[in-house]
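**Q** I am attaching a structure below and will ask some questions about it afterwards.
The values are calculated or read from the model by the stated rules, or taken from the named source; none is laboratory data. What you see is a predicted model, and the numbers here were worked out from it, not measured in a lab. Virtual Cβ from ideal backbone geometry, glycine too; neighbours counted across all protein chains shown. All accessible areas refer to the heavy atoms of the entire protein, side chains included, with ligands and DNA or RNA removed. Shrake-Rupley method; radii C 1.70, N 1.55, O 1.52, S 1.80 Å.
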Amino acid sequence: MTLPRPNVAILGGGPGGYEAALVAAQLGADVTVVDEDGLGGACVLTDCVPSKTLIESSSTMTSLGRSASLGLQLANGANPVVGVDAPALNARIKALAAAQSNDITEHVAAEGIRIVQARGRLTGPHTIEAGGRTVRADVVLIATGAFPRALPDGVPDGERILTCRQLYDLGELPEQLIVVGSGVTGAEFASAYQALGSQVTLVSSRERVLPHEDKDAAMVIEGVFRRRGMNVLGKSRAEAVYRKGDSVVVTLADGRQVTGSHCLLTVGMAPSTKAIGLIEAGVNLDSRGFIEVDRVSRTSAQGVYAAGDCTGVLMLASVAAMQGRIAMWHALGEAVQPLRLDHVAATIFTEPEIATVGVAETMIESGQVKAEVIMLPLVTNPRAKMQGFRDGFVKLFASPRSGRILGGVVVAPRASELILAVSIAVEQLLTVDQLAHTFSVYPSLSGSLTEAARRLMMPARPRAPFGEPAQ
Ligand SMILES: Cc1cc2nc3c(=O)[nH]c(=O)nc-3n(C[C@H](O)[C@H](O)[C@H](O)COP(=O)(O)OP(=O)(O)OC[C@H]3O[C@@H](n4cnc5c(N)ncnc54)[C@H](O)[C@@H]3O)c2cc1C
C-alpha cells in the first residue's frame, strides 16, 4: 500500500521558500510555491544579488585605481578616464538578477513543483488563497521576507530619496550620495558608490561604522573610507530627509544639515507579515512583527513553519535557506539538526571585505566564551604586497584547553572566499594544530590563516615541520 503524498504549500519564493520547496519535492511531497514577484525573491531580484553585482563593478574600479602602483599605465597618462555608464551598469544588474530568477524558476519547475505567481494569504493554518484559488496543505511554510524601513520624516520618492531597492532605476550615478545608516547595507553601498566616483557622506548614529561587527575590522574599514575621501559623520542621528529642488537635505538630531544630490536610507528592515492572515491562523508575532519560531522553524500554529527574514532570526540568505530546509526535514519526518547560529559564516562586501564565522570577540571580552585570540595583519603577507593592498588582517579564536578553533575574522579582498577554511574548521571541530598542519599555497593570503594557527599552537605540544615558509 502506498501512502498519500503529503501536500506542502509555501508562501514566498525567496531562498527561505524555494530552497524548502526543493527539499520537500526531493522527499516526495506535492509542493506549491506562491510568490508575487518572482522566484529568488527579494534576495535575487532587489537585494543581495543586485548589490553584489554592483559591488563587482565597484571592486573592479578600485583595482583599476591601484594600477599605477602596480606599474601599469592606463591610457591618458596621469589622468586615466574610467567612467561609469550608469544606465549600462544598472541594466546589467537588473538583467543578471532576472536571469538568476529565471534559472531558479526553471530548476524548481523541473522538480515538479507548482508555482503560483500571485499575492497570497493564509485563510487558515492549512490553506493559502492566491490568484483566485485555494491551496490546501498538510504543511505550510511562511517565507515572505522583509522590506526596507524608511524614516518617519524621510519618505523615499524613488528619485532622490531612495531605499536600496530603488538604486538600480537611476539614470545617472549619484553625484553626492548621503547614506543614512552605517550598518552592513549602508557600509556596502557607501563603499561601492565611493569607489564608482560618487562623493559619499555616511551618516552614522553610532561612534563608529559597523557598530555590531568586529571592532578591529570596523576600524580598518572606517580608516579606508576616510582615506578614500568619504565624509564619515559619527554620532550623528538623521532625523529627517527632504527634497529641495534637485538636492536632498538631511537634518541631523543636533540641528546640522547635510546636503547632497541623493539620499539612500539604510535604516533596517521590517517583516512582511501584515495582512496575510497570520494572527487569524494562530501564528504568533513578536512586538516588532517578526514571526516567532523555534530552532526547527516551527511557529505557534501546528503544521505552520516559517523561515527567513520574516522571522528576523539572522537576515542572511544562507540562514533563510537553512531555516526553510530544516522546516521541511522536520515536517516530513527526516532526522534534523536544529539551526546553529554560532556556525554561520557571513561577509560584509565592503572594499576590503569583512568575513566572519563562529564566536565574536565581544563574547570573549565579556567572559561568555574562553578563547585565545591571534590577529595577523596582512601587511607582511607577500601576496598582499604583490596585490598592492595593506588594509586587512586574519584573526582566529581558539579554545585554550582543547585548541579547538571557535571562530575567526578575515579582512581582505575576497575575504568571502578565504573564510571557508575557518568555517570548515569551526564546523568540523578542528584544532589549531590541525589547521597549522594543513598545507596552504605559497604565496597566498590563506597562508596567513595557517600561520595564525601555528602561532596559536600550544607551546607544550611538539611543533611539526611545515611544508611552506611563513607568510
Ligand atoms: C541590500 C541587501 C543586500 C544583501 N546582501 C546579502 C548578502 O550578500 N548575503 C546574504 O546572505 N544576505 C544578504 N542580504 C539579505 C538577504 O537578501 C535576505 O536575508 C534574504 O533575501 C531572505 O530571504 P527570504 O526568503 O526570507 O525572503 P525574500 O528574499 O525577501 O523573498 C520573499 C519573497 O516572498 C514574496 N512575498 C512576500 N509576501 C508575499 C505574499 N503575501 N504573497 C506572495 N508572495 C509574497 C516576495 O515577493 C519575495 O519574492 C541582503 C539584504 C539586503 C537588503
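**Q** For the range 59-150, compute Rg over Rh where Rg is the Cα radius of gyration and Rh is the Kirkwood radius from the inverse mean 1/r over Cα pairs. Provide the component values of the computation, followed by the final result.
**A** Numbers: Rg = 23.6 Å, Rh = 18.5 Å.
Expressed as Rg/Rh, it is 1.27.
**Q** Could you tally the net charge around residue 340, taking each other residue with its Cβ under 11 Å from the Cβ of residue 340, Lys/Arg +1 and Asp/Glu -1?
**A** On the way: positive: 295; negative: 342, 427.
Spelling it out: positives minus negatives among the neighbours equals -1.
**Q** Which one of 319, 156, 104 has its Cα pushed farthest toward the positive end of the charge dipole of the chain, where Lys and Arg give +1 and Asp and Glu give -1 at the Cβ?
**A** The listed residue farthest towards the positive side: 319.
**Q** Which percent of the accessible heavy-atom area of the chain goes to carbon and sulfur, probe 1.4 angstrom?
**A** Numbers: 11140 of 21700 Å².
Roughly 51 percent, rounded to a whole number.
**Q** Could you pull the accessible area for residue 362 with a 1.4 Å probe, rounded to 10 Å²?
**A** 90 Å²
**Q** What ranking, highest mean first, results for peptides 179-190, 106-117 when packing means the other Cβ atoms within 10 Å averaged over each residue? Could you put the intermediate results ahead of the total?
**A** Details: 179-190: 25.2, 106-117: 15.3.
Listed from highest to lowest mean packing, they are 179-190, 106-117.
**Q** Heads up, I need the accessible area for residue 366: 1.4 angstrom probe, whole protein in place, Å², nearest 10.
**A** 80 Å²
**Q** Give the accessible surface of the chain per residue, rounded to a whole number of Å², with probe radius 1.4 Å and ligands, DNA and RNA excluded. Present the calculation step by step, with values, prior to reporting the outcome.
**A** Numbers: 21700 Å² over 471 residues.
Solvent-accessible surface per residue comes out at 46 Å².
**Q** Under 12 Å from the Cβ of residue 379, count the other residues' Cβ atoms, weight Lys and Arg +1, Asp and Glu -1, and hand me the total.
**A** Numbers: positive: 383, 385, 390; negative: 391.
Within the 12 Å Cβ shell, the charges total +2.
**Q** Looking at this model, which pairs from 370/395; 94/274; 94/244 are more than 18 angstrom apart at the alpha-carbon?
**A** On the way: 370/395 15 Å; 94/274 28 Å; 94/244 29 Å.
Exceeds cut-off: 94/274; 94/244.
**Q** State which helices in the chain qualify, where a helix is a whole DSSP H run, it must extend 15 Å or more along its own axis by its Cα atoms, and its mean Kyte-Doolittle hydropathy must be at least 0.0.
**A** On the way: long enough: 15-26 (16 Å, 0.37); 48-65 (25 Å, 0.29); 86-110 (36 Å, 0.19); 184-196 (18 Å, 0.60); 215-227 (18 Å, 0.07); 317-331 (21 Å, 0.55); 415-427 (18 Å, 1.68).
Counting only whole DSSP H runs, the qualifying helices are 15-26, 48-65, 86-110, 184-196, 215-227, 317-331, 415-427.
**Q** Using θ = phi - 60° and the Karplus curve 6.51 cos²θ - 1.76 cosθ + 1.60, what whole-Hz ³J(HN,Hα) does each residue of the range 37-42 get, with Gly and Pro shown as x?
**A** 9, x, 5, x, x, 4
**Q** In µm²/s, what is D for the range 7-56 at 37 °C and 0.692 mPa s, where D = kT/(6 pi eta Rh) by Stokes-Einstein and Rh is the Kirkwood radius from Cα pairs?
**A** Working: Rh = 11.4 Å.
The calculation lands on 287 µm²/s.
**Q** Here's something else I'd like to know. Enter the accessible area of residue 85 (Å², nearest 10), with the probe set to 1.4 Å and all protein chains included.
**A** Accessible surface of residue 85 is approximately 100 Å².
**Q** Now, a different point. Run the dipole for the chain about the Cα centre, Lys and Arg Cβ at +1, Asp and Glu Cβ at -1, nothing else charged, and hand back the magnitude in debye, nearest 20.
**A** Numbers: 42 positive and 46 negative charges, 191 e Å.
Dipole of the chain, to the nearest 20 debye: 920 debye.
**Q** Have a look at the DSSP beta bridges in the chain and tell me what percent are antiparallel, nearest 5. Don't jump to the answer; show the numbers that get you there.
**A** Details: 47 of 79 bridges.
Restricted to the chain, the bridges split so that about 60 percent are antiparallel.
**Q** Sticking with this structure for a sec: Tell me the Kirkwood hydrodynamic radius of the range 228-375 in angstroms, computed as one over the mean inverse distance between distinct C-alpha pairs.
**A** Values: mean 1/r = 0.0518 Å⁻¹.
Mean inverse Cα-Cα distance, inverted, gives 19.3 Å.
**Q** Same structure again: Run the numbers for residue 106 and residue 254: contour at 0.36 nm per residue of separation, minus the present Cα-Cα distance, in nm. Walk me through the numbers on the way to the answer.
**A** Details: separation 148, 0.36 × 148 = 53.28 nm, distance 5.26 nm.
Gain on stretching residue 106 to residue 254: 48.0 nm.
**Q** Compute the signed sum of charges (Lys and Arg +1, Asp and Glu -1) over the other residues within less than 15 Å, Cβ to Cβ, of residue 419. Don't jump to the answer; show the numbers that get you there.
**A** Numbers: positive: 395, 414; negative: 213, 214, 342, 353, 417, 427.
Local net charge: -4.
**Q** When you take every Cα atom in the chain, what is the radius of gyration, and what is Dmax, the widest Cα pair distance, in Å?
**A** Answer for the chain, Rg first and Dmax second: 24.0, 79 Å.
**Q** Could you tell me how many cubic angstrom of Cα convex hull volume the range 66-211 has per residue?
**A** Working: hull volume 32.9 nm³, N = 146.
Measuring per residue, one finds 225 Å³ for the Cα hull of the range 66-211.
**Q** How do 263, 48 stack up against each other in accessible area, from largest to smallest, with a 1.4 angstrom probe?
**A** On the way: 263 0, 48 55 Å².
Final ranking, largest accessible area leading: 48, 263.
**Q** Could you work out the percent of alpha carbon pairs in the range 2-160 separated by over 22 Å, rounded to a whole number?
**A** 56 percent
**Q** If you bin the C-alpha pair distances of the range 132-265 every 5 Å from 0, what whole percents do you get?
**A** Going from the shortest bin to the longest, the percentages are 2, 10, 20, 22, 17, 11, 6, 4, 4, 4, 3, 0.
**Q** For the charge dipole of the chain, defined by +1 on Lys and Arg C-beta atoms and -1 on Asp and Glu C-beta atoms about the Cα centroid, which residue among 284, 303, 236 has the Cα displaced farthest towards the positive pole?
**A** 236
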